[in-house]
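Structure first, commentary second.
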Amino acid sequence: MLQSYIKITEGLRRLRTDKDGVVSFEYVIVAACVVAAVSAAFGTGTASGIGSVLTTSLTSIGTAVANAVSA
């Protein structure tokens, strides 16, 4: 039990002084904020707006590819 405590303590001590780990964690936070902002701006539904346009476009591209492959 003492050995596990020592390993965990040393790991946390290294993590606290590891500057690269902090930077990568900041990138994760920034990426989450960007995803939240895009979701808020465009919405998550496909009934209207950009969701409808993307759904229609992807459907037409899929149909065109299927027709080209079967021809």
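No value in this document is a laboratory result; all are computed from the given coordinates. Bear in mind the structure is a predicted one, so any value in this text is a computation, not a measurement. Glycine gets a Cβ as well: all are built from the backbone with ideal geometry, and neighbour counts include every protein chain shown.
Worth pointing out:
- Packing around the peptides 50-60, 2-12, taken as the average count of other Cβ atoms within 10 Å per residue, puts them in this order, highest first: 50-60, 2-12.
- Simple spin-label estimate for Val28 and Leu2 gives 3.3 nm between the two label positions (7 Å along the Cα-to-Cβ direction from each Cα).
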